[in-house]
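Heads up: the structure comes next, in structure tokens.
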Amino acid sequence: MQVSMYRLYKDMLTSYLRDKSETALYHAQQFSKQMMEQDMSPEETVSLHLSVFQELAEDLPEEVTDSFDLLLEVMIGYGLAYREHQSLRDRQQELESELNVAAQMQRTLLPDKQVDTEEIDFGVISVPAGKMSGDYYHYDEDSVGNFAVAVADVIGKGVPAAMSMSMIKYAMDTLTDKQTEPAGVLESLNRVVERNIDEDMFITMMYGVYYPESHQFHFASAGHEPGFFYRSAADTFESLEAKGLVLGVSPKVRYEERGFRLDPGDFVVFLSDGVTESRVDGEFIERDTVVSMIKERLHLSAQEIVNELFEELEKAQEFQLRDDFTLMILRRKF
Amino acid sequence: MNLDIQVSDYENKSVAEVSGEVDVYTAAKLKETITPLAEQEDKRLIIDLSGVDYIDSTGLGIFIGALKASEKAGTSLTLTGLNARVKRLFEITGLHEVIDIDQAKREEA
């Protein structure tokens, strides 16, 4: 390898000294790429130049040769820094690919099956601000056709939030079919979270169930950002609020459960605070802004509504999400 | 995004006056100051938030940590001077039910 580099450099330098052509300069650029590919350090390059030069020009004045010793010394420091940079870059690539694997794993924790029931029009979008998300969502139809939905938000973002998020997923998996009443679900989850979470962390969550037989929708909230309830007949939006402490603060918490009837065309909206805390021109958007954005799209399907809202808010923030963003809509079709 | 904390010490209480934004960037600084105060066994802790415009969820976590620390030390934690936005955050999260919030000092904002 070194011999061929020597050969190459010698040809290049000879050609350049002979006719000072642009072509030789172009070759020099190619050579420097090759140097980096072969992990040749800057001081090796200087030393290569000197050996080649000594062979080409006999009787070099002593000062010239000596001056290269000084340059070599200077380049050694530069070379060290360069190698350190290289190894940091490699390490960063390693971390990045680890993080990609983790993010991929995290995505498998979220449900992805198509909702295909005659009565329900369902849509959800969840986009992390970074690679990993602190938001969690859930939807599932039980054996008798009741449809459960949930959005949870772990404080903070990035890796620590993502790790707590998986705890919610596993805790939910341990719930049986009988434990589907929203207040009861949150009480169970709170016990798990309270035992397993850091002193100054917590999780907020909203959990709801739609019972197609009675057309009732029941929900409870653990300190979560309120959602919305749209009444089709009156064409009005109401805030979806229920009393309840965030998960993980106190071991025994009771949650208020509220319920109402969903008539055809009515829908509920669950969201994370990444939606309402979108900052446009440095100002937080108001909840009313979210409502009016939905109102303009009532004719679309639930999935189209959430997709379009995300696209519009992402664009308004110049494609830089500050927080994880989750938005979900459950509509009774007829 | 600055955060300023002034602590005054009295015989049976500590008062921390906080101003600025309590968010993911400043939370660590607040925690560093507040936690030792909350752990003092013979002094209750009052945190004055009159100068605080905005608290995010990471910031809220610090107050939960302080609450737990003061409970462990057998004393109490009181928050005062919350503006409307901050107060609403404590209400949504249900934390106003577990943390003593004294609204007397600042109802209007």
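From the square roots a ≥ b ≥ c of the eigenvalues of the alpha-carbon gyration tensor of region A:111-332, which class results: rounded (a/c under 1.5), prolate (a/b over b/c), or oblate?
Oblate, because a/c is 1.5 or more while a/b does not exceed b/c.
Return the FRET efficiency for the residue pair A:Thr14, A:Gln86: r is the Cβ-Cβ distance, R0 is 30 Å, and the value is rounded to the nearest 0.05.
The formula returns an efficiency of 0.45 here.
Largest first and in whole Å, what are the equivalent-ellipsoid semi-axes of region B:3-105 based on the Cα gyration tensor, each being the root of 5 times an eigenvalue?
19, 15, 13
To the nearest whole percent, what portion of all C-alpha pairs in region A:5-99 is separated by more than 24 angstrom?
Beyond 24 Å sits 35 percent of the P(r) for region A:5-99.
Roughly how big is region A:111-332's charge dipole about its Cα centre, with Cβ charges of +1 (Lys, Arg) and -1 (Asp, Glu), in debye to the nearest 20?
Roughly 520 debye, rounded to the nearest 20.
Which one, A:Lys131, A:Lys243, A:Lys33, has the greatest fluctuation when you compute a Gaussian network model over chain A with C-alpha springs under 10 angstrom?
Result: A:Lys33 has the largest fluctuation of those listed.
Taking 27 Å as the cut-off for C-alpha to C-alpha distance, list the pairs among A:Lys33/A:Lys315; A:Lys169/A:Lys252; A:Lys243/B:Lys13 that go past it.
A:Lys33/A:Lys315; A:Lys243/B:Lys13
Please state the relative contact order of chain A as a whole percent: Cα pairs under 8 Å, 6+ residues apart?
17 percent
Once Lys and Arg get +1 and Asp and Glu get -1 on their Cβ, which of A:Pro264, A:Gln303, A:Val249 lies farthest toward the positive end of the dipole of region A:241-322?
Highest projection toward the positive end goes to A:Val249.
So which GluC sites (Glu not before Pro) in region B:3-109 are both in a DSSP loop and have at most 16 other Cβ atoms within 10 Å of their Cβ?
Sites meeting the loop and neighbour criteria: B:Glu11, B:Glu39, B:Glu41, B:Glu107, B:Glu108.
Can you tell me the orientation of helix B:57-73 relative to chain B, as the angle in degrees between its alpha-carbon axis and the longest Cα principal axis, to the nearest 10?
Around 20 degrees separate the two axes.
Straight distance only, please: which lysines reach the Cα of A:Lys333 with their own Cα at less than 18 Å, same-chain residues fewer than 8 apart left out?
A:Lys295
Could you give the dipole magnitude of region B:3-105 about its Cα centre, charging the beta-carbon of Lys and Arg +1 and that of Asp and Glu -1, in debye to the nearest 20?
Rounded to the nearest 20 debye, it is 160 debye.
How large is the dipole of the protein assembly as shown about the Cα centre if only Lys and Arg carry +1 and Asp and Glu carry -1, each at its Cβ, rounded to the nearest 20 debye?
1160 debye
List the GluC sites (Glu not before Pro) in region A:273-309 that DSSP assigns to loop (not H, G, I, E or B) and whose Cβ has at most 11 other Cβ atoms within 10 Å. Which are they?
Listed in order of number, the matching sites are A:Glu286.
Find the relative contact order for region A:104-149 and round it to a whole percent, using C-alpha pairs within less than 8 Å whose residues are 6+ positions apart.
29 percent
By a straight-distance test (C-alpha under 20 Å), which lysines pair with A:Lys20 as possible cross-link partners, with residues fewer than eight away in the same chain excluded?
Partners within reach: A:Lys10.
Read-outs: derived from the displayed coordinates by stated rules, not from any lab. Worth saying up front: this structure is predicted, and the values here are computed from it rather than measured. Ideal geometry is used to build each Cβ from the backbone, glycine not excepted, and the neighbour counts take in all protein chains shown.
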